[in-house]
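The values are calculated or read from the model by the stated rules, or taken from the named source; none is laboratory data. Keep in mind that this is a model prediction, so the values were computed, not measured. We place every Cβ from the backbone using ideal geometry, glycine too, and count neighbours over all the protein chains shown.
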Amino acid sequence: MPTQADLLIQKLSSELGSLRKQVENMEDGMKPLVDISAQIAVIHHRLDEITKTKESWGQRGWMVLTIWFSALLSLSVAAAGILLTYSLGIKK
């Protein structure tokens with residue numbers, strides 16, 4: 001005849017087995033969540049890279065536009081100076 005301690009040990013062992021199965025089921029259910037979290041992290045990283053690249057190209061575009069505008073302004077001022085010098089030279 002099993003003692004009260006033996007019955008308690010059997011009951012606890014049974015409950016432990018049941019809890020282990022529940023934990024395994026929960027772990028199996030969490031695997032898709034882990035995969036989804038990893039995919040979200042990858043997409044977030046790619047989005048950050050695209051945003052940084054876009055900002056970088058935008059800055060470069062403005063820099064090129066500024067250089068072109070500066071060159072155009074310099075040429076316009078030089079042309080105006082030449083025309084002004086030429087017109088003042090003709091009137092003398």
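So here's what we get for this one:
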read-out: Residue list for the stretch 24-33, filter: surrounded by 10 or more Cβ atoms within 10 Å (Cβ to Cβ) and either among the hydrophobic types (A, V, I, L, M, F, W, C) or in contact (Cβ under 8 Å) with a residue 40 or more places away in the chain (or both); value: Met30
read-out: Single residue of Ala38, Ala71, Ala80, Ala5 found to be in a helix (DSSP H, G or I) and loosely packed, with under 10 Cβ neighbours inside 10 Å; value: Ala5
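Yes/no per residue for (1) among the hydrophobic types (A, V, I, L, M, F, W, C); (2) at pLDDT below 90:
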site	(1), (2)
Gly29	no, yes
Val34	yes, yes
Ile40	yes, no
His44	no, no
Glu49	no, no
Lys52	no, yes
Trp68	yes, no
Leu73	yes, no
